Each structure stands twice: as structure tokens, then as C-alpha cells.
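Data first, discussion second: the structure below is written as C-alpha cells.
The values are calculated or read from the model by the stated rules, or taken from the named source; none is laboratory data. Because the structure is a prediction, the values reported are computed rather than measured. Cβ sites come from the backbone with ideal geometry, for glycine too, and all protein chains shown count toward neighbours. Just so you know, the surface numbers come from the protein's heavy atoms only, side chains and all, with ligands and any DNA or RNA stripped out. Shrake-Rupley method; radii C 1.70, N 1.55, O 1.52, S 1.80 Å.
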Amino acid sequence: MTLAEDNGPERGGDDLLAAEYVLGVLSADERQIASRRIDTETAFARLVDAWEVHFAPMAAAYAAIEPPTSVKAAIDRRLFASSAAASAPGAGLLGSLAFWRGLAAAALAALAVFVALPFVNPSLPPPETRLVASLAADNSNVKYLAVYDAARQEVGLSLVSGERGAGKDFELWMIEGKNAPVSMGVIPAGQTARMAVTPAVQRKLAQGAVLAVSLEPTGGSPTGRPTGPVVAAGDLKGI
């Protein structure tokens, strides 16, 4: 069950559901429901548009990469080899069944290259290097979306709702099983933030640890352990 399901529209779940839709972490059934709502509900469609704009800088951080020419050549061989064999030497172009099949396939060739690129270009980080978590808690209006990028060794945070208040800070923690929480630092103020992750914490996050946010005095916990209430938490999941 997603965080948006747990909270429902009456607790601001639509905003979080729209964000999860844009991030691509919904199940197939949930994504179908959200897609239908985009088509039929103007307010929900606007929320999705707003989150697409909000997350756009994350995509902009990755430079465009030209696909290797070998990929296009391999796709051409698979798509057109049988068509070339089927063409009669003296047949007219427009009367050739192979021509029409090839024309339809050609329309998909560029898309096929684009889809295949992440699997053949080693310079792109594999999908499992990015994990996402929806952070929330009962009796708290604080909600964060967290994206862990192993390739960049950082966690990106987007504040969905809630405020820290005067004289307080939000602190991010990593929790592994029954072990004591490990501080990842005070979350910088603002709607978005990026926090570096130490190698030791990276190994834990890769295994699916829990992220949590506590409310602490300015500057963070003075004890190295959460001293204030945990206002948001959630499991990391693969995108």
C-alpha cells in the first residue's frame, strides 16, 4: 500500500499521489486509476503538472547521451532482415509487402533505440541505483518525498507539507532493522534539499533501510539520537 492510499484525499493524499505518479512508484493498478483521474479531474491533472515541474531539475542534472551507432545497426538488422529477403528483385516499391512492413517498423526504430539505450550504455547508472521513499507519520502533517541516488551519493528531499517551527530543525535518520538510528544530518530549510551520504550509510540504504525525520532543536540532536518526535518515516523502494 502506498502512502497516498494510507492518507486518502481528505488528508492531502491527492498531492502525494500526484507526486508518486510522476516519480513512477505506483503499482500498475494505482497508475491506471491515477491516469484516469488525470483525464477526468482537472484539479488532479494540475497537481500532476505541478509535480512534473517540481521534479524537472532532477532530470536536468543528467546530460543527454547519444546512443551508440551499433545499437541502431543492430535494431535495423532485426527489423529489416526478413523484409529484405521477402522482397522480389523486380517488384515495385509501392507494391512490396516488405516495403510497407519496413515503413511501419521504421516509425518505431527511433523509439526502440531510446528504450534500449539504458541497457546498452554503461555510462548510465542502472535503475536499482535510485530508490524513493514517501515519508509521513500518523498525527503529523509533515510529508517529504526522498530520492536516494547511489551514483551521486546523495539523498534529494522535497517537502510536500509541514513546517519545522521557530527554534527547531528537521533531522534525517537512517534506520536499519532494530539497530539504533544513524543521523544523516540536519535537513536544510526550503522546499527542496540535497544531502550527501557517507559510504557506510550508502551500503545500508542499498539494502532497503528506512528513512525517518525527527523534530530537533536548532542544529540537530545534541545526543546523536533522536530527542524529538519522529514526524515522518518511510521505506525506500526501487523506482
Q: Kindly state, as a whole number, the per residue volume in cubic angstrom of the convex hull around the alpha carbon atoms of region 129-239.
A: 95
Q | A180/E154 FRET efficiency (R0 35 Å; Cβ-Cβ; nearest 0.05) | A | 0.95
Q: Just read off the accessible area of L47 with the full protein assembly in place, 1.4 Å probe, to the nearest 10 Å².
A: 50
Q. What is the calculated FRET efficiency for K168 to A196, with r their C-beta to C-beta distance and R₀ = 25 Å, to the nearest 0.05?
A. 0.65
**Q.** Summed residue charge, Cβ within 9 Å of G220's Cβ, Lys/Arg positive, Asp/Glu negative
**A.** -3
**Q.** Modelled FRET efficiency - R0 30 Å, S35 with T129, Cβ distances, 0.05 increments
**A.** 0.65
Q: Could you list, in their original order, any pairs among K204/K237; K143/K204; K143/K168 whose Cα atoms are separated by more than 19 Å?
A: K143/K204
**Q.** For Y148, solvent-accessible area (1.4 Å; no DNA, RNA or ligand), Å²
**A.** 10
